[in-house]
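The structure appears below as C-alpha cells.
Taken together, the values in this text are just the output of simple stated rules run on the coordinates, not laboratory data. Source: prediction; values computed, not measured. Heads up, the Cβs are rebuilt from the backbone with ideal geometry, glycines too, and the neighbour counts pull from every protein chain shown.
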Amino acid sequence: MRGAARREIFVHMTPRESTDADTIAARADSVVKTYGSGDTAVHALRGVSIGFRAGEFTAIMGPSGSGKSTLMHCLAGLDAVTDGSVWIGDVGVVGLSDKEMTRLRRDRIGFVFQAFNLVPTLTAEENITLPQGIAGRRVDREWFDTVVDRLGLRDRLSHRPSELSGGQQQRVACARALVGRPDIIFGDEPTGNLDSRSSGEVLSILRAATDEFGQTVVIVTHDPRAAAYADRVVFLADGQIVRELSRPSADDVFEVMRNLDDEAPAAESGDGEVG
Ligand SMILES: Nc1ncnc2c1ncn2[C@@H]1O[C@H](COP(=O)(O)OP(=O)(O)O)[C@@H](O)[C@H]1O
Ligand SMILES: [Mg+2]
C-alpha cells in the first residue's frame, strides 16, 4: 500500500495512536464479519481498521451491500464481530457480557437509525427522555430545550409517533440520541427518510454536537450533501475501506462515489478465500 497521501485523497491507513490531545472515541481493529458459513458465507467486512477521533464527524459511504451497516452495528456492539476487535473509548467491546454491553451503550452511545424505533404509546417528549429515565439520570432541561428547538419539535412534544410525519419521527429519534449527550452518536442513514430541510436540521445539530459539545458522530449516508457536513468521509467497498476524504465538498464526494466501482477490490473469489 502506498505511504502517505496525495493532498486530500489517500488510501486508508491504520488508525492513529491515541494520545491525550487526540483521543480515539471508537475504533475497529482488523474487524472481520462473516454471515453464515461455507458456500453461503457472506463476507460483510474483510478486515476493517479505523479510528474515530473524539469530537470528529465522520460519514461512511459506499455502495449498497458494501458493509456500512454491519460496520456501524459492530462498532456499536449491536452485532458480534467474527474476528478483530472493537473499542469504545478505552473499553474493548469484544467479550463484554450482555449486561456490560447494555451499560456501555446506555452510558456512552447514542443511536439514530432509519427505522426510528420510537415507542408508539409514548409522546415525543417521553420518547426523547426515555433513555435518561431508564438510566436513572436527570434530563438536562437546558440542553433538552436546545435540542428540541433546533430540531423544530417544540410544538410536537405531546404528540405520539402515529401523529407525526416520518420526518418528525426521525427528528424525535435524533433528539433522543442527542439529549443524553453520549460520547459517540451512530446514525445509520439518519437523514434517509427526510426532505432536504429536515435533513439540514438534523445534520446541523449533529455538526453542533461535535463543534460545540465535543461529541463524536459517525453516520452512514448515501447523500454527498450530507457527507459534506462531515470532517471526514470514509468509503467502503466490498467490506473494505477503499478511500478517505478530509473535509470534502459534496462534489468531491460525488466524484469518488462515481469512481468507486472501478476501485473496489476484487470481490469474486470462488473458493471463498479472502486475502
Ligand atoms: N444478518 C445478515 N445475515 C446475512 N447476511 C447479511 C446480514 N446482514 C447483512 N448481510 C450481508 O452483508 C453484506 C453487507 O451488508 P450491509 O452492512 O447491510 O451493507 P450496507 O449497509 O453497506 O448496504 C451484504 O451482502 C448483506 O446482504
Ligand atoms: Mg445499510
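The residues Glu244, Glu212, Glu255, when put in order of fewest to most other Cβ atoms within 10 Å, stand as Glu212, Glu255, Glu244. Per-residue Cβ neighbour counts within 10 Å put Val172, Val91 in the sequence Val91, Val172, beginning with the fewest.
In order along the range 33-42, phi translates into HN-Hα couplings of 10, 10, 9, x, 8, x, 4, 9, 4, 10 Hz, rounded to whole numbers, per the Karplus curve 6.51 cos²θ - 1.76 cosθ + 1.60 with θ = phi - 60° and x for Gly and Pro. Reported to the nearest whole Å, the Cα centre-to-centre distance from the range 95-116 to the range 149-172 is 23.
With R₀ set to 25 Å, the beta-carbon distance separating Arg154 from Thr121 gives a calculated FRET efficiency near 0.70.
Give me the percent of DSSP beta bridges within the range 24-263 that run antiparallel, rounded to the nearest 5. Here the antiparallel bridges make up roughly 55 percent for the range 24-263. Helix 98-108 axis versus longest C-alpha principal axis of the chain: approximately 70°, rounded to the nearest ten. Computed 3J(HN,Hα) for the range 48-59, one whole-Hz value per residue from the Karplus formula 6.51 cos²θ - 1.76 cosθ + 1.60 where θ = phi - 60°, is 9, 10, 7, x, 10, 6, 4, x, 9, 10, 10, 10, glycine and proline marked x. Were the residues from Asp211 through Ser64 laid out at 0.36 nm apart, the gain over their Cα-Cα distance would be 49.9 nm. Build a GNM of the chain with springs between Cα atoms under 10 Å apart, and of Thr23, Thr216, Thr121 the one that fluctuates most is Thr121. Here the 3J(HN,Hα) profile of the range 155-168, calculated from phi with Karplus coefficients 6.51, -1.76 and 1.60 at θ = phi - 60°, is 8, 10, 5, 9, 7, 8, x, 5, 9, 10, 6, x, x, 5 Hz, Gly and Pro shown as x. Under a 5 Å amide H cut-off, with hydrogens placed 1.01 Å from N, Val112 pairs with Phe186, Gly187, Asp188 among residues at least 5 apart or on other chains. Inverting the pair-averaged 1/r between distinct Cα atoms of the range 106-239 gives 14.8 Å as its Kirkwood hydrodynamic radius.
Averaging 1/r over each pair of different alpha-carbon atoms in the chain and inverting the result gives 19.3 Å, the Kirkwood hydrodynamic radius. By the count of other C-beta atoms within 10 Å, a proxy for reagent exposure, Glu56, Glu163, Glu142, Glu126 are ordered fewest to most as Glu142, Glu163, Glu126, Glu56. GNM on the chain, alpha-carbon springs under 10 angstrom: the most fluctuating residue among Asn117, Asn259, Asn127 is Asn259. Amide H contacts for His159 (H built 1.01 Å from N in the peptide plane; partners 5 or more residues away or on another chain; cut-off under 5 Å): Ala124, Glu125.
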